1. Here's a check for you: in the stretch 151-163, which residue that is of a type in the set (Val, Ile, Thr) and under 15 Å from residue 255 (Cβ atoms) is surrounded by the fewest Cβ atoms within 10 Å (Cβ to Cβ)?
2. Could you run through the stretch 175-216 and say how many residues are of a type in the set (A, V, I, L, M, F, W, C) and under 17 Å from the mean Cα position of the chain (by Cα)?
3. Anything in the stretch 39-97 that is in contact with a helix residue (DSSP H, G or I) (Cβ under 9 Å, 6 or more places away or on another chain) and among the aliphatic types (A, V, I, L, M)? List them, or say none.
4. Could you give me the residue pairs with C-beta distances under 8 Å whose first residue belongs to the stretch 168-182 and is within 18 Å of residue 83 (Cβ to Cβ), whose second residue is among the charged types (D, E, K, R) and part of a loop (DSSP other than H, G, I, E, B) wherever it lies, and which are 6+ apart or on separate chains?
5. Just need a number here: residues in the stretch 72-111 that are surrounded by fewer than 19 Cβ atoms within 10 Å (Cβ to Cβ) and farther than 22 Å from residue 178 by Cβ.
6. Filter the strands (runs of 3 or more DSSP E) completely within the stretch 113-174 down to those with at least 3 residues that are under 17 Å from the mean Cα position of the chain (by Cα).
7. Quick check, is residue 226 modelled with pLDDT of 95 or more, more than 15 Å from the chain's Cα centre (by Cα) and of a type in the set (Val, Ile, Thr)?
8. Restricting attention to the stretch 42-56, and to residues there that are of a type in the set (Lys, Arg) and either within 22 Å of residue 236 (Cα to Cα) or touching an Asp or Glu at 6+ places or on another chain (Cβ under 8 Å) (or both), which single residue is surrounded by the most Cβ atoms within 10 Å (Cβ to Cβ)?
Amino acid sequence: MEVRQGIHSEHAKQLDTAGLRKEFVIENIFEADTYTMTYSHIDRIIVGGIKPVNAKVSIGGEVGKQLGVSYFLERRELGVINIGGPGLIVVDGTTYEVGNEEALYVGMGAKEVVFSSVDAAKPAKFYYNSAPAHTTFPTRRITLAEASPTTIGDNITSNRRTINKFIVPDVLPTCQLTMGLTKLAEGNLWNTMPCHTHERRMEVYFYFNMDEETSVFHMMGQPQETRHLLIHNEQAVISPSWSIHSGVGTKNYTFIWGMVGENQVFDDMDHVKVSELR
């Protein structure tokens, strides 16, 4: 488990490119036949990836000491979105088939969660977020058809995109975790512009569906003092509540967003006009 401390906005202003990347970018999400795990002190979110190829993968009691519990989800909930080939997730003996661009929510208290791929030649890639939880809600698979979609933006402003809300109150109950998948239409480059902050929640963006020569210039920082981070395929960015989180790509792409914090009101945002940005 890699641990990231919370960073004050005044501290972030002093960091160079390498310093910003060290604090906010997660460069390696997927490794074959194991899991990656980054624990952020910002709202205690855990971010990672699981890529089972030739073996089943589970997160066992080895994380208990660092989390102060006896097993991973003793006091946590888990959201998973598969961006790879078809996979299986077994939760305390119950098997869920999770295909490409499908999600699984796992409620607090699940003791054994095991991940595998249906075909080693086309392995599943399970991207996950986990948040502290206070009660147990039912484990549930969510297909793309069951997600709550919203299409916004315009080709003229190069931000036409569809937001597929998988793990939100309109779809299923959770303690605090929300997750979704946003697809930019062909020829569109901008996400979340005009941008916003939300003091009540932090957020993590995970970018994918990008080729080797495609990248996203992810904008972060306070609205009047923005910085950028260059993000490549299957990398993630931790966004504190004081920071904007927006990006422009060299080509259209897809990203998964995950939020934890005080509420689950998707529209609870502090909008920032483009003319106000610096």
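1. Filtering the stretch 151-163 for residues that are of a type in the set (Val, Ile, Thr) and under 15 Å from residue 255 (Cβ atoms), the one surrounded by the fewest Cβ atoms within 10 Å (Cβ to Cβ) comes out as 152.
2. Within the stretch 175-216, residues that are of a type in the set (A, V, I, L, M, F, W, C) and under 17 Å from the mean Cα position of the chain (by Cα) number 11.
3. Going through the stretch 39-97, the residues in contact with a helix residue (DSSP H, G or I) (Cβ under 9 Å, 6 or more places away or on another chain) turn out to be 39, 46, 69-72, 74-76.
Within the stretch 39-97, 46, 69 qualify.
4. That search, which allows pairs on different chains as well, returns 181/101.
5. Of the residues in the stretch 72-111, 10 are surrounded by fewer than 19 Cβ atoms within 10 Å (Cβ to Cβ) and farther than 22 Å from residue 178 by Cβ.
6. On the way: elements: 113-117, 126-132, 140-142, 148-152, 161-167.
Once the strands (runs of 3 or more DSSP E) in the stretch 113-174 are filtered for at least 3 residues that are under 17 Å from the mean Cα position of the chain (by Cα), what remains is 126-132, 161-167.
7. Yes: the conditions hold for residue 226.
8. Taking the candidates together, the pick is 51.
The values are calculated or read from the model by the stated rules, or taken from the named source; none is laboratory data. Remember, predicted model here, so these are calculated numbers, not experimental data. Heads up, the Cβs are rebuilt from the backbone with ideal geometry, glycines too, and the neighbour counts pull from every protein chain shown.
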